[in-house]
Amino acid sequence: MYWNAFVMAYAIVAAVSDALWGKIPRTLTVLALIAGLAFHAYAGGARELGSAALAAFIAFGIGLTLFRVGAIGGGDVKLITALGALLGFWPWLHAMRLAVFVAGAIALIQVLRRRAVLQTLRNIVELLRNLARRGLMAHDVINVNNRSMIRAPFGVAVALGTLLSMVAHL
């Protein structure tokens, strides 16, 4: 129970940091990664440690790929990696599925609110063209680093997905 409260608090702190400052501090994510692996080694032995390490490894691979294509920032990569270590494989996978849906809902709300549906569809086509031409390389203009694009802090979606997943499994 205390571990769940710790993980939920971590997710909330990361989300607030991402929402307010657009950054998730490296210290926060590295300490969470270490704490998650240590907890699972202590509480569940080799099997749980393996689950946490696998989740962190897969999260890092997926996150790095999304970072390379300009879809998420470096703090987001570290956040989903740390959550892999904190949650273990199956809980992490469930939380990330929910996070993707939350991120999509946030993005849709922002696009509709700014009346940018046609421009967003054009951007999607351009991103697909870029993917076909350049492979897994970020688009020069349509990417997470372009402050003029409609942006949403992915850390908030990840935190909400994690919280929803954990509450559903209490």
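The values are calculated or read from the model by the stated rules, or taken from the named source; none is laboratory data. This structure is a prediction, so every number in the text was calculated from the model and none was measured. All Cβ positions, even for glycine, are placed from backbone atoms using ideal geometry, and neighbour counts span all protein chains on display. Just so you know, the surface numbers come from the protein's heavy atoms only, side chains and all, with ligands and any DNA or RNA stripped out. Shrake-Rupley method; radii C 1.70, N 1.55, O 1.52, S 1.80 Å.
For the reader, a short list of remarks on this structure follows.
- Result for the chain in a Gaussian network model with C-alpha springs under 10 Å: among 12, 124, 72, the largest mean-square fluctuation is at 124.
- Kirkwood Rh and Cα Rg combined as Rg/Rh, the chain: 1.00
- Amide hydrogen proximity for residue 72: with H placed 1.01 Å from N in the peptide plane, the residues at 5 or more positions away or on another chain lying under 5 Å are 67.
- Taking Cβ atoms as reference points and 14 Å as the exclusive limit, the residues near residue 109 contribute a net charge of +4, counting Lys and Arg as +1 and Asp and Glu as -1.
- Gap separating the Cα centres of the stretch 70-144 and the stretch 1-36, nearest whole Å: 20
- The accessible surface of the stretch 1-115, taken with every protein chain in place and a 1.4 Å probe, is 74 percent carbon and sulfur.
- Our coupling estimate for the stretch 149-166, obtained by passing each phi through the Karplus curve with A = 6.51, B = -1.76, C = 1.60 and θ = phi - 60°, is 7, 5, 10, 9, x, 5, x, 5, 5, 5, 5, 5, x, 5, 5, 4, 5, 5 Hz, Gly and Pro reported as x.
- Helix 26-68 and the longest principal axis of the Cα set of the chain meet at an angle near 10°.
- Top of 31, 79, 160 by mean-square fluctuation, Gaussian network on the chain, Cα under 10 Å: 31
- For the residues 98, 131, 66, a GNM of the chain with alpha-carbon springs under 10 Å puts the largest fluctuation on 131.
- Estimated from helices alone, the mean residue ellipticity of the chain at 222 nm is -28000 deg cm²/dmol (sum of -39500 (n - 2.57) over DSSP H runs with n ≥ 4, per residue).
- With at most 12 other Cβ atoms within 10 Å, longest stretch of the chain clear of loop trypsin sites (Lys or Arg not before Pro) (DSSP): 1-113
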